[in-house]
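Read-outs throughout are calculated quantities, based only on the coordinates presented, and are distinct from any laboratory measurement. Note that this is a predicted model, so its numbers are computed, not measured. For neighbour counting, all protein chains shown are included, and Cβ atoms are generated from backbone atoms with ideal geometry for every residue, glycine included.
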Amino acid sequence: MKSDYLRFFAWIISIIAVTGSLYFSEIRGFIPCELCWYQRILMYPLVIILGIGFYKKDKHMSVYVLPLTVIGMGVALVHYLHQKTDLFQRAIQCTQGVSCSGQYINWFGFITIPFLSLVAFTLITILTIFSKQEADQVEH
């Protein structure tokens, strides 16, 4: 069934995102800023939730996945815009620890850690929505 593959790929993306996050902090030594921590809080549980949803072939996992991914997309987008534009410079003031505007990586001039997070949250959101639609079509 196509929805099984969609759930599987969403799960794999969450695993890659968490592994990448841990690689940047634990191996490369990049200290996460406050907004990075919020993104981690939203991404890390998805590995377990999506894994269980895939294993159990849960057609309703969008109910508990989408709130995390949509909020994660919002946080990642705000963080990315804070890094790359002046839109949120006054609204976001990192007064302690690592600055949220810092860019540990800047591949090709636009790929930063919040950008990678935004891509992961977006892909998981899309795959989850398509999985739900596919499962609904099969039921009817």
- Given the rule -39500 (n - 2.57) for each run of at least 4 DSSP H residues, summed and divided by the residues of the chain, what is its mean residue ellipticity at 222 nm, to the nearest 500 deg cm²/dmol? -23500 deg cm²/dmol
- Message: Starting from the 7 Å offset along Cα-to-Cβ, what nm value, one decimal, do you get for the label separation of Thr85 and Tyr5?
- Response: 3.6 nm
- Query: Rounded, prolate or oblate: which fits the range 1-101 when a ≥ b ≥ c are the square roots of the eigenvalues of the alpha-carbon gyration tensor, with rounded for a/c under 1.5 and prolate only if a/b beats b/c?
  - Reply: prolate
- Task: Calculate, in nm to one decimal, what Lys56 and Leu77 gain on full extension: separation in residues at 0.36 nm each, minus their alpha carbon distance.
- Result: 4.4 nm
- Under 18 Å Cα to Cα from Lys59, which lysines show up? Leave out anything in the same chain fewer than 8 places away. Lys2, Lys132
- Relative contact order of the range 5-62: what whole-number percent is it, with Cα pairs under 8 angstrom and at least 6 residues apart? 51 percent
